[in-house]
Amino acid sequence: MNWLHFFLWIGGIYLLYYLAVILFDVAGGRRASAADPPIHELTFAENVVPTQMTAHAAVAEEPSPKTRLDEALRERKQEPEMIGSGGVVIDNLFRLCKQEAIIYTRSVSF
């Protein structure tokens, strides 16, 4: 069996399947009309009382030491973390390729 026969068989099987589904749908029984009341309907009876919301002034809090430390670390980080582990950002990768500064240690497979 070659690929052409395989695809023809698969196409024929799909055609028969969808034809059977369409015929089953057309020959299906009586459909429920929109005028018929639904048989199973959920209803919820709740007494909801709306309340008036008021705005409160925001209280300025002293940032915790952990928050200040996190902000200081964020300000200090200028470059991504992966540069420290040997990775480079894409702009620097192209610059290094132009300079032929990349040394291949293994073969590259695509």
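The values are calculated or read from the model by the stated rules, or taken from the named source; none is laboratory data. Bear in mind that the values here come from a model prediction, so they are computed numbers and not experimental data. Here the Cβ is made from the backbone with ideal geometry for all residues, glycine too, and neighbour counts use every protein chain on show. The accessibility values were calculated without ligands, DNA or RNA, using every heavy atom of the protein model including side chains. Shrake-Rupley method; radii C 1.70, N 1.55, O 1.52, S 1.80 Å.
With respect to residue 105, determine if the residue is surrounded by 10 or more Cβ atoms within 10 Å (Cβ to Cβ), modelled with pLDDT under 85 and among the polar types (S, T, N, Q).
On the way: surrounded by 10 or more Cβ atoms within 10 Å (Cβ to Cβ): no; modelled with pLDDT under 85: yes; among the polar types (S, T, N, Q): yes.
For residue 105, the condition - surrounded by 10 or more Cβ atoms within 10 Å (Cβ to Cβ), modelled with pLDDT under 85 and among the polar types (S, T, N, Q) - is not met.
Yes/no per residue for (1) at pLDDT 90 or above; (2) touching a Lys or Arg at 6+ places or on another chain (Cβ under 7 Å); (3) open to solvent by less than 90 Å² (accessible area, probe 1.4 Å):
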site	(1), (2), (3)
11	yes, no, yes
29	no, no, yes
43	no, no, no
46	no, no, no
51	no, no, no
54	no, no, no
60	no, no, no
66	no, no, no
71	no, no, yes
